[in-house]
Amino acid sequence: MEFKSHILELKIILILIAVLGLGLTFGIETKLINIDLSSIFIVITSVILLVGVYSYYAIMNSDFILNDEEILIINRFIFFKREEKIRLDRIKRIIFRDDTSINLLSGYKWVRIEYLTDSKSLKSKKVYCNGMEYDAFDENLNFPTFDEFFDELERRGLNIKWTKKRTHNKVYKS
């Protein structure tokens, strides 16, 4: 069963940055041969934004493939591609966390997997999956969601915990 991060806002943001940079560059100077420093600055700024936004989304989004014996963690972004397999029988605990207030676009979600390595030492891996959606009433009909991933791991009998961002309550004494 596949649990993918679907990131629509990444595609929209990257297109807007490219269009903005090119539009401002050609809007400032109509002659291609005579380019001034302001248009070069706009192109450099757009490239830096493009690389920064792409890197953020590449680091903060991973996919999971779950079969009978293991979890496969995949990052499918170019320059950040990697795959890691973790056997289900070696997993000691999985913690799901949602800090939605940090990133208003897609939430700030991660999964921490604590498992035994081949040398019997305990290892912890934190995997970000911001683009994975929650199960909603009118959406997400075509792919499994973040909470369905939690439910599937729980159904398989793994030690799972779901946490939310803590809110600090102040107590005032009178």
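The values are calculated or read from the model by the stated rules, or taken from the named source; none is laboratory data. All figures in this text were calculated on a predicted structure; none of them were measured in a lab. When we count neighbours, we look across all protein chains shown, and the Cβ atoms used for this are built from the backbone with ideal geometry, even at glycine.
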Do you know which residues across segment 16-54 are modelled with pLDDT of 70 or more, small (Gly, Ala, Ser) and surrounded by 12 or more Cβ atoms within 10 Å (Cβ to Cβ)? Ala18, Ser46
Note on segment 68-90: residues more than 21 Å from Leu122 (Cβ to Cβ), assigned to a loop (DSSP other than H, G, I, E, B) and more than 14 Å from the chain's Cα centre (by Cα) are Asp68, Ile78, Phe79
Members of segment 140-155 that are under 16 Å from Leu72 (Cα atoms) and either at pLDDT 90 or above or outside any loop (DSSP other than H, G, I, E, B) (or both): Phe146, Phe149, Phe150, Glu152, Leu153
Determine whether Phe137 is farther than 17 Å from Leu66 by Cβ, assigned to a loop (DSSP other than H, G, I, E, B) and modelled with pLDDT of 85 or more. no
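From Glu83, Glu70, grab the single residue that is surrounded by 14 or more Cβ atoms within 10 Å (Cβ to Cβ), at pLDDT 90 or above and under 15 Å from Phe3 (Cβ atoms).
Glu70
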